[in-house]
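Every number here is computed from the coordinates shown, using simple stated rules; none is lab data. Since we're looking at a predicted model, the values are computed, not measured. Don't worry about glycine lacking a Cβ; one is built from the backbone with ideal geometry, like all the others, and counts go over all protein chains shown.
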Amino acid sequence: MAVQHLNAGHSAEAKSICRQVLQADSAQPVALHLLGVLAQQAGNAERAVELLKQALAANPDMAEAHGSLANAYQDLGQLDAAAGSFRDAIAVMPNLTEAHSNLGNVLRDQGKLEAAVASYRKALAINSDIAETHNNLGNALRDLARLDDAVSSFHRAIELQPEFAEAHNNLGIALREIGQIEEAFASHRRAVALEPQNDALWLGFAQSLEAMSFVEIDDILPAELLSLLDHPTVRPAAVVRPIIGALRHHPQLSDLLIRAAAGNISYAEVAEQLSAMPLLLRLMALSPIDDLEIEQLFIDLRQAMIADAAAGKLTAAGLPFGAALALHCFVNEYVYPESGQETVWVDQLAAEIAALLQAAEGVPPWLVAALGAYRPLHGFAWAEQLEHYSAGAIGEIITHQVIEPGIDLGQRGQIASLTAIDSTVSQTVRALYEENPYPRWIKTGLVNQGRAIGVVLREAPLRFDLEDYQSPESPEILIAGCGTGQHALVTASRFLNARVLALDLGLSGLAYAVRKTRELGISNIDYAQADIMELAGLGRQFDLIESVGVLHHLGEPIAGWQILTDLLRPGGLMKIGLYSETARQDIVSGRALIAEKAYLPTPEHIRCCRQDIIALAEAGDSNMAKICSRMDFYSMSECRDLLFHPEEHCFTLPEIEAALAALKLKFLGFEMRGSGALRKFMQIHPNPDATTSLALWHEFELEHPDLFQGMYQFWCRKL
């Protein structure tokens, strides 16, 4: 009876019956087993272990109780004990398929991939028709880079269970790794169609989308891409280019681009047409767009909008697009050029809105949108008077341009300071990031369920050999240089039970990070202001330290790296990001242009510099064209960081190899977006050990100089 209640979800009734049984026989094994299962279901794994051990002491031949004990050990992160209990279950009942399969799961989490494969195969030898086991086998084979075998396993899982969304997703990942991009994308589309509520599947969809280049689109795709942008696991900036590529096949947009190039556009007409394209509007609100033709269209439309406003001709027609344009310009921090006539019109519009507010008259929302497309509204003394518009058509503008900046300003005084910031270099860099917090973002991609550090690094796509590394149950993680919080948030969600300390020089970025972290309901990050060069006296040790895109902006990068290494526990892990000298020759050319024209790191000069670079790119300058291909070129703070940074050092892989040796760090491998470059490298160097040879990677980079265009991002371990 208790079992029936448990299976029906009637926990209280099942518990009551078990307790009655135990009053008569305190060692009754079935009742103890059921109470252990109930304790685990209630989240009390420690109590579950106690009860299950009592059950097994009374009857060691209960295979199901051994399996339940293994599950409780898994919940506690005690993987060795879990594996032992599953083996005990198998010893009692050798043909217990579930125990073999679950043992495979534990072995995979331990990084014992060949043993995991063997365990899954034993399960399938007993019963070959279990889709879940074929799916798990596919995952282990993919971790071993046996991708063709993995694809076969995923296909078998789907054959057995056609609506197995996770298997479709995993098939897509494996297909993407072997270069079958379109087939992978189709698998991910199928996965999200089957389980649209599963955020993890949308992450796979987004990653496959990054590699897509559309030659046509179907009627369903725009709605799918719109849903994609609203999922927390998706970082909009990563999918801008393929979404714009898809939108270019929308007949209205392709026609508008042709007409705009010919100078044949009317703001009211075009804005109304674009207002009927929700995918474009949402993308505009969430991210800069790295497309020069789209940028020019928006520049022309913005100018036409302010001209209509000045002439009293601007109306509600096309307001959704006007609002999206205001959001987009705020996101890219007003990086678009502005003529003298536009400045006059903007000043007139600001004065008009101020007068309407002073007279307590209603302000047409389309005028607020027009002004917000040129200036951040929070910069006006009367901005707070607009807050009552936050529920209307321009509500998102008011939220982002008025309300949130006010919150950020209030946060600055509440952020702890851990070190002094005394050096000239640190003060100069801090000044840059106070003026231009880097990067400004609306939404970042988060992992919906963290995993142990060792599991993440051992499994695909990283597949690092961690040797004897044991994942800490509650890892302490330092983010040295967290900017506006994206990095810290991704790390905090990526790793199980993590406690993160995130440091940066600039209060503006930290305040932004604190607000976004609270919005997301994430509570395992502490933010503080600090200088890496002053962290020697911090008095703490960390299991993992990440510093990406930071050390190369220090006056002495290797000295800063040494300070971080000293804060790392023996055997701990470190993720580092450094600029590549080989991949930044375009930036060297850009800096030469800046020096030649004596451009200063001001918004006006950055806008002028961008126009020069665009003109040179269009005239055939390959280095300037490469600059224009970088996403950082399309927003003010990121462009300033890219081209105008006051302190920057670049590295070669031999220099990094020497630094690792001096710091007593072991190189584990690169973390790279997409699998194309890694796949090409491994085709040339099929020996698995080759991926940790920086000498071979150096040769490969010289042949493919754009390989590390962003930066080298790699993992290492303290010896």
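Computed values, structure above
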quantity: Kirkwood hydrodynamic radius (C-alpha pairs) into Stokes-Einstein, the stretch 583-643, 25 °C and 0.890 mPa s, D in µm²/s; calculated: 218
quantity: Per-residue Cβ neighbour rank within 10 angstrom, fewest leading, VAL92, VAL106, VAL588; calculated: VAL588, VAL92, VAL106
quantity: Neighbour net charge for ASP408 - beta-carbon separation under 10 angstrom, K R +1, D E -1; calculated: +2
quantity: Shape metrics for the stretch 106-180, restricted to C-alpha atoms - Rg then Dmax, Å; calculated: 11.4, 34
quantity: FRET efficiency estimate (nearest 0.05) - Cβ-Cβ, THR315 to ARG518, R0 51 angstrom; calculated: 0.85
quantity: The stretch 250-411, relative contact order in percent, only Cα pairs under 8 angstrom and at least six apart counted; calculated: 22
quantity: Simple label model, 7 Å out from Cα along Cβ direction - ALA360 to ALA690, nm; calculated: 7.8
quantity: Inter-label distance, nm, simple model (7 Å from Cα along the C-beta direction), ASP129/GLN348; calculated: 7.9
quantity: Potential lengthening between ALA431 and GLU269 on full extension [0.36 nm per residue; Cα-Cα distance subtracted]; calculated: 54.0 nm
quantity: Computed lengthening from ILE407 to LEU76, 0.36 nm per intervening residue step minus Cα-Cα distance; calculated: 115.2 nm
quantity: Contour minus Cα-Cα distance for ALA662 and GLU46 (0.36 nm per residue); calculated: 217.3 nm
quantity: Normalised contact order of the chain, rounded percent, pairs of Cα under 8 Å and 6 or more residues apart; calculated: 9
quantity: Cα→Cβ-extended label distance, 7 Å offset, between LYS680 and ALA27, nm; calculated: 6.9
quantity: Exposure proxy order (Cβ contacts within 10 Å, fewest to most) of TRP345, TRP382; calculated: TRP382, TRP345
quantity: Cleavage-rule hits, trypsin sites (Lys or Arg not before Pro), the stretch 490-593, DSSP coil, Cβ neighbours within 10 Å at most 16; calculated: ARG540
quantity: Packing-based order for 555-562, 418-425, 362-369, 236-243, using average beta carbon neighbours within 10 Å, highest first; calculated: 236-243, 362-369, 555-562, 418-425
quantity: Charge tally in the Cβ shell below 11 Å around PRO557, where Lys, Arg are +1 and Asp, Glu are -1, PRO557 excluded; calculated: -4
quantity: HN-Hα J in Hz across the stretch 564-580 - Karplus 6.51, -1.76, 1.60, θ = phi - 60°, x for Gly and Pro; calculated: 5, 4, 5, 7, 8, 5, x, x, x, 10, 9, 10, 10, x, 9, 5, 8
quantity: Residue-wise HN-Hα coupling along the stretch 80-87, computed from phi with Karplus coefficients 6.51, -1.76, 1.60 (Hz; x: Gly, Pro); calculated: 4, 5, 4, 4, x, 5, 5, 5
quantity: Proximal charge balance of ALA268 [Cβ under 10 Å; K/R count +1, D/E count -1]; calculated: -2
quantity: Anisotropy class of the stretch 496-573 from Cα gyration tensor, a/c 1.5 cut; calculated: oblate
quantity: Per-residue [θ]222 nm for the chain (sum of -39500 (n - 2.57) over DSSP H runs n ≥ 4, rounded to 500); calculated: -17500 deg cm²/dmol
quantity: Viscosity 1.567 mPa s, 4 °C: Kirkwood-radius Stokes-Einstein D of the stretch 344-495 over Cα pairs, µm²/s; calculated: 66
